[in-house]
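All remarks here apply to the structure that follows.
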């Protein structure tokens, strides 16, 4: 397999940030020179979480290597060595964020930018992307009008990186986050992109070769803006890819391959969609489908997808939740393609406000929310960071570093604060790499995966402390490019080891011996609270206890918690 089209080398380099945040200091929660008593309540809460996760101070504890019994035990106390917060374990700050958030600049939104940013900061997020819906009104005035609000939120919440983006109506497909590095041209680039390439603006929603080509052209436009230095960076992450069945495998591959290896724009999709509160049963909840995954095939849907793909599985998209499914088929080709999780926050469950009055067509936004005097049990969303989190390994606290971390695949996701931290290393032959990386070793080198998991040590936003029950190692062979671009299975991918987690607190370590590696492969991790499971789509030999399909109208998201990591490749040479 030629490395030029496969997993990239694991580079360590300095970030050169331009524009907002170029010289941003560490957030106070990360900066150990700021005493605890000087922190705000939000900062103190964030610091406590970082310490529990081993991402501040002593670092993750050196845990007990698991024996063949497959049972994890609590780690013995580690030496309390203080670490410089600016140089965290393995050289990364793990920054929690959300790249799919709506405001009253969306026709179906309600909250101001500052409301969403304040709530995201309160719920432990370090970075956020504002992604109001692409539309003719948004393209005409919304992109410009929201920008001063975003800049004001950046000034008010300096410990939170706030990107401007939009929810792209991908021609011939569903939606996606498009966002750019802040700077003087962020509005101009997004405005031109939306005007020229949005599926609704251009009337290009139907599945057709011409519309698919328009989507690829849009991605190339973004790459060209980066190449010309009009903006410093741009990224695309596809949304809810299985919800309507209209993101076909060949389209996803085409987005991924639209631009060169050196500056990829399309880098992944939502492993888990937002709208997670939708499954809460009535009368206390909406009684809908978790993630709003309640559709069925249409004329624009890819005919190869089964009906089961239109539902979520443990809150995750079928493409991600299926071991040996579409995500694994991309990884088996050696294509870096990452998963994220986010809120898609429009209207928050149990909120007490309603949308404010306003002339949306004239102003490109609704009025500020107003108090309603009652609790909304029909809303389907959570605040940013309240339930879904995307954790990015960044080299510094900066916009560029977050974008670089996402592009490199240094990402893991969780629901309901299932765990406080995840630290993964794959090593062999005197080398190592982490999530998103590729370990290059001589053929026959013994390779080991080591994962330290910081168990949840405090109550989540539902008021209870989650308990991790099991961690699964999923492995697949890298078999190279497929002849059929609509392939969505990976026959070699399977759960190769499961570890029961006996400890209820602290940090647990487990190791998985890959043996002398003689062929290209990848590994990824998955964890669960163990409340709901089922034999996987591909059978018990592939996945004996995977996520179960969510039940329409009865899918309490807090009772079914999972985390997923992005992969690590091992490439013998």
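General observations
- Residue check, residue 228 in the same structural domain as residue 94 (by TED's automatic domain parsing), closer than 22 Å to residue 407 by Cβ and out of contact with any strand residue (DSSP E or B) (no Cβ under 7 Å at 6 or more places or on another chain): yes
- Taking strands (runs of 3 or more DSSP E) as the structural unit, those lying wholly within the stretch 342-453 and holding at least 2 residues that are outside the structural domain of residue 285 (by TED's automatic domain parsing) correspond to 411-415, 419-428, 431-433, 438-441.
- Among the residues of the stretch 124-138, those that are touching a strand residue (DSSP E or B) at 6+ places or on another chain (Cβ under 9 Å) and either surrounded by fewer than 24 Cβ atoms within 10 Å (Cβ to Cβ) or in contact (Cβ under 8 Å) with a residue 40 or more places away in the chain (or both) comprise 124, 125, 126, 127, 128, 129, 131, 133, 134, 135, 138.
- Subset of the stretch 369-380 [touching a helix residue (DSSP H, G or I) at 6+ places or on another chain (Cβ under 8 Å) and surrounded by fewer than 24 Cβ atoms within 10 Å (Cβ to Cβ)]: 369, 379
- When we screen 364, 287, 314 for residues that are modelled with pLDDT of 95 or more and under 18 Å from the mean Cα position of the chain (by Cα), the only hit is 314.
- Residues that are surrounded by 23 or more Cβ atoms within 10 Å (Cβ to Cβ), under 19 Å from residue 542 (Cβ atoms) and either touching a helix residue (DSSP H, G or I) at 6+ places or on another chain (Cβ under 6 Å) or not assigned by TED's automatic domain parsing to the domain that holds residue 219 (or both) occur in the stretch 257-273; there is at least one.
- Filter result (surrounded by fewer than 24 Cβ atoms within 10 Å (Cβ to Cβ) and over 25 Å from residue 421 (Cα atoms)) within the stretch 543-573: 544, 549, 551, 552, 553, 554, 571, 572, 573
- Test for residue 254: is it assigned by TED's automatic domain parsing to the domain that holds residue 325, surrounded by 21 or more Cβ atoms within 10 Å (Cβ to Cβ) and touching a helix residue (DSSP H, G or I) at 6+ places or on another chain (Cβ under 6 Å): no
- Candidates 364, 358 - the one that is crowded, with 21+ Cβ neighbours inside 10 Å and touching a residue at least 12 places away in the same chain (Cβ under 8 Å): 364
- Residue 510 vs. criteria outside the structural domain of residue 317 (by TED's automatic domain parsing), modelled with pLDDT under 95 and buried (at least 20 other Cβ atoms within 10 Å of the Cβ): yes
- Any chance residue 275 is at pLDDT 95 or above and closer than 26 Å to residue 376 by Cβ: yes
- Selection of first residues in the stretch 541-557 that are more than 21 Å from residue 325 (Cα to Cα) and of second residues that are at pLDDT below 95 and assigned to a loop (DSSP other than H, G, I, E, B), restricted to Cβ pairs under 6 Å at least 6 apart or on distinct chains, gives an empty result.
- Looking only at residues of the stretch 20-67 that are modelled with pLDDT under 50 and closer than 19 Å to residue 128 by Cα, we find that the one that is farthest from the chain's Cα centre (by Cα) is 23.
- Criterion: buried (at least 24 other Cβ atoms within 10 Å of the Cβ), in contact with a helix residue (DSSP H, G or I) (Cβ under 7 Å, 6 or more places away or on another chain) and assigned by TED's automatic domain parsing to the domain that holds residue 149 - qualifying residue of 237, 190: 190
- Qualifying residue in the stretch 212-231 (condition: closer than 16 Å to residue 318 by Cα and modelled with pLDDT of 95 or more): no
- Boolean, residue 314 is in contact with a strand residue (DSSP E or B) (Cβ under 9 Å, 6 or more places away or on another chain), farther than 28 Å from residue 107 by Cβ and either buried (at least 24 other Cβ atoms within 10 Å of the Cβ) or not assigned by TED's automatic domain parsing to the domain that holds residue 492 (or both): yes
- Odd one out for residue 86 among (1) surrounded by 22 or more Cβ atoms within 10 Å (Cβ to Cβ); (2) at pLDDT below 95: (1)
- Failed item, numbered, when residue 436 is tested on (1) buried (at least 18 other Cβ atoms within 10 Å of the Cβ); (2) in contact with a strand residue (DSSP E or B) (Cβ under 6 Å, 6 or more places away or on another chain): (2)
- Hits in the stretch 454-470 (condition: in a strand (DSSP E or B) and either without any contact (Cβ under 8 Å) to a residue 40 or more places away in the chain or touching a helix residue (DSSP H, G or I) at 6+ places or on another chain (Cβ under 8 Å) (or both)): 454
- Residues of the stretch 93-120 that are part of a loop (DSSP other than H, G, I, E, B) and buried (at least 23 other Cβ atoms within 10 Å of the Cβ): 102, 103, 104, 105, 106, 110, 111.
The values are calculated or read from the model by the stated rules, or taken from the named source; none is laboratory data. Here the structure is a predicted model, which means the values were calculated and not measured. As a convention, Cβ positions derive from the backbone with ideal geometry for all residues, glycine included, and neighbour counts pool all protein chains shown.
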